[in-house]
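Take a look at the structure set out below.
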Amino acid sequence: MHSNKIYYKISEVCEITDLKPSVLRFWEKEFKEIRPFKTTSKRRLYTQKNIEAINKIKDLLYNKRMTIEGAKRFLKEENVSEPSSKELDLEFLKEELSEIVKKLREI
């Protein structure tokens, strides 16, 4: 990664994170942790902190298999204190049980 850069274009962030631009644009709307600077011509410029947040969200959604709402709650709680892996597992289980209950109520 180019640590001497202050801002990264969306194409560079896509290459770094292995995500499509549409995914990044969608996540910007969903997660307050990703707020790239927008130029007057509406070009997105991401910081290193944005890229770190994107990688964290990608891990929560793709590897930990959390829902978007679960990832939002996790990130909010993480700002207060760093959860242990046991707490992360419990959060994942709670989220999954919540989804099951929701589906059962629809039946």
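No value in this document is a laboratory result; all are computed from the given coordinates. Keep in mind the model is a prediction, meaning the values are calculated, not measured. Every residue, glycine as well, gets a Cβ built from its backbone with ideal geometry; the counts of neighbours run over all protein chains shown.
What is the local net charge at residue 10, summed over the other residues whose Cβ is closer than 13 Å to its Cβ (Lys, Arg +1; Asp, Glu -1)? Mind dumping the intermediate values first?
Values: positive: 9, 20, 25, 38, 42, 43, 44; negative: 12, 15, 28.
Within the 13 Å Cβ shell, the charges total +4.
What does the charge count around residue 21 come to, taking other residues whose C-beta lies under 13 Å from its C-beta (Lys +1, Arg +1, Asp -1, Glu -1)?
Values: positive: 9, 20, 25, 43, 44; negative: 12, 15, 18, 28.
Every neighbour counted, the sum reads +1.
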query = With contacts defined as alpha carbon pairs under 8 Å and 6 or more residues apart, what's the relative contact order of the range 8-106 in percent?
reply = 20
